[in-house]
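Please read through the structure below; I'll follow up with questions.
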Amino acid sequence: MNIGIACYPTYGGSGVVAAELGKALAERGHRIHFISYAMPFRLDSFSDNIVYHEVEISNYPLFDYPLYTPALASKIVEVAQFEKLDIIHAHYAIPHAISAYLAKQIIGKNQLKIVTTLHGTDITLVGLEPSYLSVMKFSIEQSDGVTAVSRFLKEKTLINYKIEKDIQVIPNFVDIDKYQRVDSPEIHKRLASQGEKILIHVSNFRPLKRVHDVIKIFQIVRQRIPSKLILVGDGPDRSSCEQLARDLKVFDDVKFLGKQIELVPLLSTANLFLIPSQSESFGLSALEAMACELPVIASSVGGLPELIVHGETGYIAEIGDIERMAKYTVDLLTNETKYKIFAASCRKRAVEEFNKNKIVDMYEEHYNRVLAK
Ligand code: GMT
């Protein structure tokens, strides 16, 4: 198949899923055309079957805002016509799905099929704003195939947008060969002292990730267990988190590492992953941690309970219940037998339920169904 992928190139879950899916499809012999305003950051190596097309956005003094949606649509038209695309796959509905719809109208209705994957805040937050709602609803309805990354997100879409459509749940996935625990004593030595436990959190530091809660949980845990906290990523809450760590007098034990490309050695050096989000439609970062045998302490929101089995691969608590999350953390880190069982269950669940091959099969089958319609 010739498949176009329109996605955000930035450090975020939907961009990661889009890039990893494209790479996996290319390995299976499909020809993949990424279309975005910058190179997706996970497209880190050359592949015969992958081409990247940059969307150029002209800047004219009359425009107060860049006109990305029509520029993307024009680029999709160009790529679809010259490269004979069978499918354009829009990752994160806004604005990719409506640009894909525009392109399809320009090309002629039956020559290009649109698959839209709903990832999270496109449905739960941004798309609900009155200025986007009707376009969101329309672009989902007009897609030839729609997938959502969790049952939670599928339900939210059907209810919030009053849509009657067959949405297939295709969860996030992980490359279990790449994401597996490696020996990293050197990194451990640089981040913590011998005998200290390491807690880790990876996110884009937006308010809905509740990184302040991560620091508050750590402050409680540290009173009971010698430990360090590693924070990976960057974003709007980074400065206030650094301030909070100072205020709580834990700054010396909290390592703000900023954005990191190579996560496996860091995850492998840690003992536990924290994800106390306000909203999380799947939680890709938690899945990558689980593949590296890290039990997860999470909030009971969105798709997280579909990923984390309470009492088996981690624990789930109410949003903001930092006392309970800290208690669960201490419980796991002080019971070696239980910890080992949880860590093994994490890897097993990632391998059996969310491995790349299984989920890429689901996307391929979805494409075939859409093309056969
Ligand atoms: O909604 C976002 O935070 C952005 C989005 C992204 O593009 O990075 O993340 C979402 O998509 C990921 C991949 O499908 C999911 O694993 C994340 O849970 C989801 N984030 C939220 O729902 C907050």
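Since every read-out is calculated from the coordinates, none of them should be taken as a lab result. Computed from a predicted structure; not experimentally measured. All Cβ positions, even for glycine, are placed from backbone atoms using ideal geometry, and neighbour counts span all protein chains on display.
Please compute the contact order of the stretch 185-353 in relative form: average sequence separation of alpha-carbon pairs under 8 Å and at least six residues apart, divided by the residue count, as a percent.
Once normalised by length, the contact order is 22 percent.
Which residues make up the longest stretch of the chain that has no GluC sites (Glu not before Pro) in a DSSP loop with at most 14 other Cβ atoms within 10 Å?
Free of exposed loop sites, the longest segment is 57-163.
Compute the signed sum of charges (Lys and Arg +1, Asp and Glu -1) over the other residues within less than 12 Å, Cβ to Cβ, of residue 211.
Result for the neighbourhood of residue 211: +1.
Please report the base-10 log of the normalised intensity I(q)/I(0) for the stretch 185-353, using a Debye sum with one equal scatterer per alpha carbon and no solvent, at each q in 0.16 (1/Å).
Rounded to two decimals, the profile gives -0.86.
Using the Kirkwood radius built from alpha carbon pairs, what does the Stokes-Einstein equation give as D for the chain at 4 °C and 1.567 mPa s, in µm² per second? Don't jump to the answer; show the numbers that get you there.
Numbers: Rh = 21.5 Å.
Reported coefficient: 60 µm²/s.
Once you list every other residue whose beta carbon is under 13 Å from the beta carbon of residue 234, what net charge do they have if Lys and Arg are +1 and Asp and Glu are -1?
+2
How about the stretch 186-251: which trypsin sites (Lys or Arg not before Pro) there lie in a loop by DSSP and see at most 15 other Cβ atoms within 10 Å?
Numbers: sites: 189, 190, 197, 209, 210, 216, 222, 224, 228, 238, 246, 249; in loops: 210, 249.
Qualifying residues, ordered by number: 249.
Would you grab the residues whose amide H sits under 5 Å from the one on residue 5? Only those 5+ places off in sequence or on another chain, please, with H modelled 1.01 Å from N.
HN-HN under 5 Å from residue 5: 33, 34, 35, 89.
Can you list residues whose amide H is under 5 Å from residue 255's amide H, if they're 5+ apart or on another chain and H is modeled 1.01 Å from N?
The answer is 229, 230, 231.
At 0.36 nm per residue, minus the direct Cα-Cα distance, what do residue 336 and residue 83 gain on full extension? Give it in nm, one decimal, please.
Computed gain between residue 336 and residue 83 is 85.5 nm.
What are the equivalent ellipsoid semi-axes of the stretch 267-373, built from the alpha-carbon gyration tensor (square roots of five times its eigenvalues), in whole angstrom, biggest first?
29, 16, 9
Using every pair of alpha-carbon atoms in the stretch 36-163, split the distances into 5 Å bins beginning at 0 and state the percent of pairs per bin, rounded to integers.
Reading upward from the zero bin: 2, 10, 19, 21, 19, 16, 10, 3, 0.
Of all chymotrypsin sites (Phe, Trp or Tyr not before Pro) in the stretch 11-73, which ones are in loop regions per DSSP and have a Cβ with at most 12 other Cβ atoms within 10 Å?
Answer in residue order: 46, 63.
May I ask you to work out the translational diffusion coefficient for the stretch 130-207 at 37 °C, viscosity 0.692 mPa s, via Stokes-Einstein with Rh from the Kirkwood sum over Cα pairs, reported in whole µm²/s? Write out the running numbers ahead of the final one.
Details: Rh = 16.9 Å.
My calculation gives 195 µm²/s for D.
Please find the FRET efficiency linking residue 247 to residue 206, where r is the Cβ-Cβ separation and R0 is fixed at 22 Å, and quote it to the nearest 0.05.
Plugging the Cβ-Cβ distance into 1/(1 + (r/R0)^6) gives 0.60.
Taking the beta-carbon count within 10 Å as an exposure proxy, list 163, 316, 217 from fewest neighbours to most.
With the sparsest Cβ surroundings first, the list reads 163, 316, 217.
Which FRET efficiency value, to the nearest 0.05, is calculated for residue 59 and residue 39 with the Förster distance at 22 angstrom and r the Cβ-Cβ distance?
0.65
Starting from a Cα-only point model with no solvent, please compute log10 I(q)/I(0) by Debye for the stretch 54-93 at q = 0.27, 0.31, 0.32, 0.34 1/Å.
So the normalised log intensities work out to -0.97, -1.10, -1.13, -1.18.
From the residues 26, 153, 96, which one has its Cα farthest along the dipole of the chain in the positive direction, the dipole being from +1 and -1 charges on Cβ of Lys/Arg and Asp/Glu about the Cα centre?
Sorting the options by dipole projection puts first 153.
Skipping prolines and chain starts, which residues have an amide H placed within reach, meaning under 5 Å, of the one on residue 146, given they are 5 or more residues away or on another chain?
Close amide H contacts, sequence-distant or interchain: 116, 168.
Take the alpha-carbon centre of the stretch 199-278, take the same for the stretch 70-103, and report the distance between them in whole Å.
Cα centroid of the stretch 199-278 versus Cα centroid of the stretch 70-103: 38 Å apart.
Starting from a Cα-only point model with no solvent, please compute log10 I(q)/I(0) by Debye for the stretch 109-162 at q = 0.12, 0.22, 0.27 1/Å.
For the stretch 109-162, the Cα-only Debye profile gives -0.26, -0.80, -1.12.
Ratio of Rg to Rh for the stretch 163-285, alpha carbon only, Kirkwood?
1.02
If each residue's Cβ is checked for other Cβ atoms within 10 Å, how do 150, 345, 47 rank with the fewest at the top?
Details: 150 25, 345 18, 47 12.
Final ranking by Cβ density, sparse to dense: 47, 345, 150.
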